[in-house]
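The values are calculated or read from the model by the stated rules, or taken from the named source; none is laboratory data. Since this is a predicted model, take the numbers as computed values, not measurements. Here Cβ is always computed from backbone atoms with ideal geometry, including for glycine, and neighbour counts include all displayed protein chains. Each accessible area value is taken on the protein alone, full model and side chains, heavy atoms only, with ligands, DNA and RNA left out. Shrake-Rupley method; radii C 1.70, N 1.55, O 1.52, S 1.80 Å.
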Amino acid sequence: MTETSELAGAVAIVTGGSRGIGLGIAQELARAGAGIAVVARDGERAAAAAAELGGDGHAAYPCDIADARACTKTVRAVESGQGPVAILVNNAGITRDNIVLRLKDDDWSRVIDTNLGGAFNMIRAVTRGMMKRRAGSIVNVTSVIGLMGNAGQANYAASKAGLHGLTKSVARELASRNIRCNAVAPGFIRTDMTAGLPESQVEELKGRIPAGRLGEPGDVAGVVRFLAGPGAGYITGQIIAVDGGMTMQ
Ligand code: NAP
């Protein structure tokens, strides 16, 4: 089978592209022909990921997305180094789990500032250029937890539910400028984030997933590739669960 390159020449920022789901997305968008800007706090790991993508069309940018100024600087650096940003994938995210009574102020604010604030910072930073060019696709990686809630994850669930509202608002605001904004809500995916789950919990989870398995980064990446590209040109403001059927109604 021949590989299509529907994103040839497009520049795509992938936050959290250095590992896990983000790395899977970076690899998939690179296979579709995009030049990838890998954004993460750990610059060495981001550089290693960008190098792994092969060719010279990819680069790494150390940046904490919770820092609005750093996001503006990063987008400027991407645009001057690689070209206009056509695709933004807001994938970077963290957890700091605890029951509400034990959540510290910092657990709350760090998760909200990274998962929700970080996506907002990046969207604001790319919007002017996308509006001028009247073209752009934004994909936010959220979570089924943002749809269902989860005991012990109030901060995380609130950040991801907030991202759903942000996705729909940005989609409404920018649709007339030919800028689309969608969300992909993964279920349980095998990455560093879920590596700590005890095997008994994994078995219990599998019982709740019609597909009978946890997802892999590639399961999410294929959907992001579709939403980022021309095949999804008439799709905006949607939240697509990639969860093996776990949240189907
Ligand atoms: P992961 O393996 O822990 O990777 C997180 C990535 O985000 C890393 O590249 C990390 O790099 C980056 N990152 C974290 N904080 C950052 C910050 N402040 N600024 C810039 N980059 C930052 O996580 P994952 O499992 O791949 O998850 C990726 C996304 O999918 C997250 O938004 C997560 O909420 C969502 N998700 C995951 C699952 C799952 O089961 N794994 C399920 C639903 C949704 P540095 O540490 O170097 O910054």
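Of all lysines in the structure, the ones whose alpha carbon falls short of 24 Å from that of residue 168, not counting any fewer than 8 places away in one chain, are 132, 160. With only Cα atoms counted, segment 24-167 has Rg and Dmax values of 15.8, 50 Å. Note on segment 165-249: along the principal axes its Cα atoms extend 49, 22, 21 Å, ordered by decreasing extent.
The spread of Cα positions in segment 117-196, taken along each principal axis and listed from longest to shortest, comes to 44, 21, 18 Å. For segment 130-190, applying the loop criterion from DSSP together with a ceiling of 14 other beta carbons within 10 Å to the trypsin sites (Lys or Arg not before Pro) yields 134.
Find out how many positive minus negative residues lie around residue 117, taking Lys and Arg as positive, Asp and Glu as negative, among other residues whose Cβ is under 11 Å from that of residue 117. Each step should come with its number before you reach the end.
Numbers: positive: 110, 124; negative: 64, 67, 113.
Charge balance in the 11 Å sphere: -1.
Annotation for segment 121-151 versus segment 44-109: alpha-carbon center distance of 13 Å. Taken along its principal axes, the alpha carbon cloud of the chain reaches lengths of 47, 46, 38 Å, longest axis first.
Rolling a 1.4 Å probe over the protein heavy atoms gives the chain an accessible area of 48 Å² per residue. Counting Lys +1, Arg +1, Asp -1, Glu -1, what net charge surrounds residue 241 among other residues with beta carbon under 14 Å of its beta carbon? Summing Lys and Arg as +1 and Asp and Glu as -1 gives 0. Straightening the chain between residue 102 and residue 52 buys 14.0 nm, computed as 0.36 nm per residue apart minus the Cα-Cα spacing.
About the centre of its Cα atoms, segment 15-62 shows a dipole size close to 120 debye [charges on the beta carbon of Lys, Arg (+1) and Asp, Glu (-1) only; nearest 20 debye]. Looking at segment 188-249, which chymotrypsin sites (Phe, Trp or Tyr not before Pro) are DSSP coil and have at most 15 other C-beta atoms within 10 Å of their C-beta? In loop regions of segment 188-249 (DSSP not H, G, I, E or B), the sparsely surrounded chymotrypsin sites (Phe, Trp or Tyr not before Pro) are 234.
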